[in-house]
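The values are calculated or read from the model by the stated rules, or taken from the named source; none is laboratory data. Everything numeric here is computed off the predicted structure, so don't read it as measured data. Cβ coordinates were reconstructed from backbone atoms using ideal geometry, including for glycine residues, and neighbour counts include every protein chain displayed.
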Amino acid sequence: MFLLLFGVFRTAVADWNPIPSASMRPNLLEGDVVFVNRLAFNLKVPLTDIVLQRLGEPQRGDIVTFSSPKDGTRLIKRIIALPGDTVEMREEQLVINGQPAQYTALDTAPETIAHVGQLTARRIRERNQTEQHRIQVLPQIAGAARSFAPVTVPADHFLMLGDNRDNSADSRYFGFVPRNLLIGKAERILVSANIEEHWQPRLQRFGMKLE
């Protein structure tokens, strides 16, 4: 009975999500485990994508977990554009509803890419009309999707991007995400360990609220 109730709780109320990749650097690191509020947006039938009731509206800038519309894989990305928004990207610069985002250079950091080697990531603060957060770009990666033509987000869909813009499989590759595929809102880091340093705890990240 306990295991049954625990399973229902995890699939309907709250959950945790390990970060397996670098697609949300610099805000989420591999080895972070984030708390996911499954009641932030929808009340669902446990173990399904059937929405019983809407509980809240996703906002631009929210970090969310969702099922990929391409293959059902659970992903974590940031909501960049809402239903009805017109959005485009011009050489890394986002333009939402005709308003270009503003960018401020912060610092640089090394990042190792499989089959490529160690590169230097440029970290930047991105500001739009309603929120701001850090992103990073990797100018050395050839063929990254740094531009796309204006698109309008359909009703009950969202456009998702990873904060690690040149190293993220997101809406540029699998399209808009339907609302019923949203799992929950990632709100803070529960625990964190450095997977490259024998899983040493990163205590300074425990309990950190997400930007």
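Taking the stretch 121-152 as the search range and keeping residues that are among the small types (Gly, Ala, Ser) and in contact (Cβ under 8 Å) with a residue 12 or more places away in the chain, which one is nearest to Leu210 (Cα to Cα)? Among them, the one singled out is Ala121. Just give me the residues in the stretch 130-152 being polar (S, T, N, Q), part of a loop (DSSP other than H, G, I, E, B) and within 22 Å of Leu182 (Cβ to Cβ), in sequence order. Passing the criteria: only Thr130. Whether a residue is modelled with pLDDT under 95 and small (Gly, Ala, Ser) was assessed, and Ala105 does not pass this test.
Listed residues Val87, Val95; which is part of a strand (DSSP E or B) and free of Cβ contacts under 8 Å to residues at least 60 places away in the same chain?
Val95
Scanning the stretch 130-145 for residues that are among the small types (Gly, Ala, Ser) and more than 17 Å from the chain's Cα centre (by Cα) gives Ala142, Gly143, Ala144. Tallying residues that are outside any strand (DSSP E or B), within 24 Å of Lys44 (Cα to Cα) and either of a type outside the set (A, V, I, L, M, F, W, C) or touching a Leu at 6+ places or on another chain (Cβ under 8 Å) (or both) within the stretch 171-183 yields 5. Looking at the stretch 125-141, which of the residues that are within 15 Å of Ser23 (Cα to Cα) and modelled with pLDDT of 95 or more is surrounded by the most Cβ atoms within 10 Å (Cβ to Cβ)? Among those residues, the one meeting the criterion is Ile135. The residue that is surrounded by the most Cβ atoms within 10 Å (Cβ to Cβ), among those in the stretch 35-88 that are in contact with a helix residue (DSSP H, G or I) (Cβ under 7 Å, 6 or more places away or on another chain) and not hydrophobic (A, V, I, L, M, F, W, C), is Arg38. Restricted to strands (runs of 3 or more DSSP E) entirely inside the stretch 1-51, those with at least 3 residues that are within 19 Å of Gly207 (Cβ to Cβ) and modelled with pLDDT of 85 or more are 32-37.
Quick check on the stretch 91-102. Is at least one of its residues modelled with pLDDT of 95 or more and touching a Gly at 6+ places or on another chain (Cβ under 8 Å)? No, every residue in the stretch 91-102 fails to be modelled with pLDDT of 95 or more and touching a Gly at 6+ places or on another chain (Cβ under 8 Å). Determine whether Glu91 is surrounded by fewer than 16 Cβ atoms within 10 Å (Cβ to Cβ) and touching a Ser or Thr at 6+ places or on another chain (Cβ under 6 Å). Yes; evaluated as a whole, the condition is true for this residue. Within this structure, Ala155 passes the test of being assigned to a loop (DSSP other than H, G, I, E, B), closer than 30 Å to Leu43 by Cβ, among the aliphatic types (A, V, I, L, M) and touching a residue at least 60 places away in the same chain (Cβ under 8 Å). The residue of the stretch 142-158 that is surrounded by the fewest Cβ atoms within 10 Å (Cβ to Cβ), among those that are in contact with a Gly (Cβ under 9 Å, 6 or more places away or on another chain) and β-branched (Val, Ile, Thr), is Thr152.
The residues of the stretch 159-180 that are touching a Ser or Thr at 6+ places or on another chain (Cβ under 8 Å) and either surrounded by fewer than 18 Cβ atoms within 10 Å (Cβ to Cβ) or within 13 Å of Arg78 (Cα to Cα) (or both), listed by number, are Leu159, Met160, Leu161, Gly162, Asp163, Asn164, Ser168, Ala169, Asp170, Phe174, Val177.
Every condition in (1) under 24 Å from Val64 (Cβ atoms); (2) at pLDDT 95 or above; (3) assigned to a strand (DSSP E or B); (4) not aliphatic (A, V, I, L, M) holds for Arg122 except the one numbered (1).
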